[in-house]
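Reading through the structure tokens given below for one structure.
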Amino acid sequence: MIIDFSSFDRRDRFPEILRPRSAGDAFVVLFCLWWILLGLFSLFPQIDLAVANMFFLPEPCAIPARIGQICGIFPYGDDPHMRLLREIFFQAPYLVAMTLCWMLVQCWQQHGATFRTLRARNLKIALGSLLLGPVLIVNLWLKAFSGRPRPRQTDLFGGALNFVHAGSFAGKCVSNCSFISGEAAAAGWLFCLIFIIPQPARTALALPIAAVSILIAALRVAFGGHFLSDAVLGWLSSLVVFSALLALSQTTHSRRISEN
């Protein structure tokens, strides 16, 4: 996907919520929304359980089975076509990131009047938000230390570990845990790219990107790989990080202009 950032008009650089004077406000709203949703899922864990149960198929337990043991599968996770779709989607954000890296290198090779400042800044925001959000915060920190078991790991859905609500670090998962979803975070990052794609490409690509982004997160829930809260909060976390970097970039840029 080649994005020509140079075609931006000043009035069309960002949608209304992320235009230069409102990026900071967007960050505050998204940041507060993330914590509100975390509180909601924490207070009402039955939301996670009800949604996971929609995709769970109970089956008779193999003998011998302990008293009260629940056995079954998440059928979508065993479907070869769905697994192939998930594998394609899993690679998509990082293939896009490689393309953006190449574009940034190409941009840095330009000098003087041919250097596209806005294009370079947007590319750095996009790549920086991927590294800070899905890679560092989600995969290297939260998923490593949260301890929350995935649905299929819990004794409510055929596993052996106890269920813990969203935000709890009391679970017995050792590594690569459920809170929050790394794939959903990467999908949310894909969605963020809509805000920096210039017209007319944005109009053509916005809906497909949004659909793929949401489907990636939904598949993790359908596969029993994550609870709804993990997917929603993972997806939204990338929007929080993206808006924060965008606001910081715009503030720094405005300060440089005022100093000059």
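The values are calculated or read from the model by the stated rules, or taken from the named source; none is laboratory data. Small disclaimer: the values here were computed from a predicted structure and weren't measured. As a convention, Cβ positions derive from the backbone with ideal geometry for all residues, glycine included, and neighbour counts pool all protein chains shown. To get the accessible areas, we keep the full protein, side chains included, count just its heavy atoms, and leave off ligands, DNA and RNA. Shrake-Rupley method; radii C 1.70, N 1.55, O 1.52, S 1.80 Å.
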Share of accessible surface on carbon and sulfur in the chain, whole %, 1.4 Å probe and ligands ignored, is 67
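Rounded if a/c is under 1.5, else prolate if a/b beats b/c, else oblate: with a ≥ b ≥ c from the C-alpha gyration tensor eigenvalues square-rooted, which is the range 78-146? Please report the intermediate quantities before stating the final value.
Numbers: a/c = 4.70, a/b = 1.79, b/c = 2.62.
Note, shape of the range 78-146 comes out oblate.
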Once you have a ≥ b ≥ c as the square roots of the Cα gyration tensor eigenvalues for the range 21-136, tell me rounded if a/c is under 1.5, and otherwise prolate or oblate according to whether a/b is larger than b/c. oblate
Charge dipole of the chain built from unit charges on the beta carbon (Lys, Arg +1; Asp, Glu -1), centred at mean Cα; most positive-end Cα among Ala126, Gln46, Phe163 is Ala126
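Answer rounded, prolate or oblate for the range 163-260, using the Cα gyration tensor with square roots of eigenvalues a ≥ b ≥ c: rounded when a/c is under 1.5, else prolate when a/b is larger than b/c, else oblate. Intermediate values should be presented prior to the final figure.
On the way: a/c = 4.45, a/b = 1.58, b/c = 2.81.
Judged from the Cα gyration tensor, the range 163-260 comes out oblate (a/c at least 1.5, b/c at or above a/b).
So how strong a dipole does the chain carry about its Cα centre when Lys and Arg Cβ are +1 and Asp and Glu Cβ are -1, to the nearest 20 debye?
Numbers: 21 positive and 14 negative charges, 145 e Å.
Dipole of the chain, to the nearest 20 debye: 700 debye.
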Collect residues whose amide H, placed 1.01 Å from N in the peptide plane, falls under 5 Å from the amide H of Leu161; neighbours closer than 5 in sequence don't count. Thr154, Asp155
Among the range 143-182, those whose backbone N falls under 19 Å of a label point 7 Å along Cα→Cβ from Ile73 are 151-160
Between Gly72 and residues 5 or more places away or on another chain, the pairs with built amide H atoms under 5 Å apart involve Glu59
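If you count only protein heavy atoms with a 1.4 Å probe, what accessible area per residue comes out for the range 51-161, rounded to a whole Å²? Numbers along the way, then the final one.
Numbers: 6540 Å² over 111 residues.
Per residue, the range 51-161 has 59 Å² of solvent-accessible surface.
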Cysteines without a disulfide-compatible partner [the chain; Cβ-Cβ under 4.7 Å]: Cys32, Cys101, Cys107, Cys192
Integer Hz, Karplus 6.51/-1.76/1.60 couplings in order for the range 91-97, x for Gly and Pro: 7, 4, x, 7, 5, 5, 4
Quick one: compute the contact order of the range 120-240, relative version, from alpha carbon pairs under 8 angstrom and 6+ residues apart, as a percent. 29
Pairwise FRET efficiency - Asp25 versus Trp108, Cβ, R0 = 41 Å, nearest 0.05: 0.85
Enumerate the calculated ³J(HN,Hα) couplings along the range 132-143 in order (Karplus 6.51 cos²θ - 1.76 cosθ + 1.60, θ = phi - 60°), each rounded to whole Hz, writing x wherever the residue is Gly or Pro. 6, x, x, 7, 7, 5, 7, 6, 8, 10, 4, 5
Sequence-distant residues sharing a close amide H with Arg150 (under 5 Å, placed H): Ser178
Pop out the ³J(HN,Hα) list for the range 31-44 in order, Karplus 6.51 cos²θ - 1.76 cosθ + 1.60 with θ = phi - 60°, rounded to Hz; leave Gly and Pro as x. 4, 5, 4, 4, 6, 5, 5, 4, x, 5, 5, 6, 6, 10
Label-point gap, in nm, between Glu87 and Ala206 - each point 7 angstrom along Cα→Cβ: 3.5
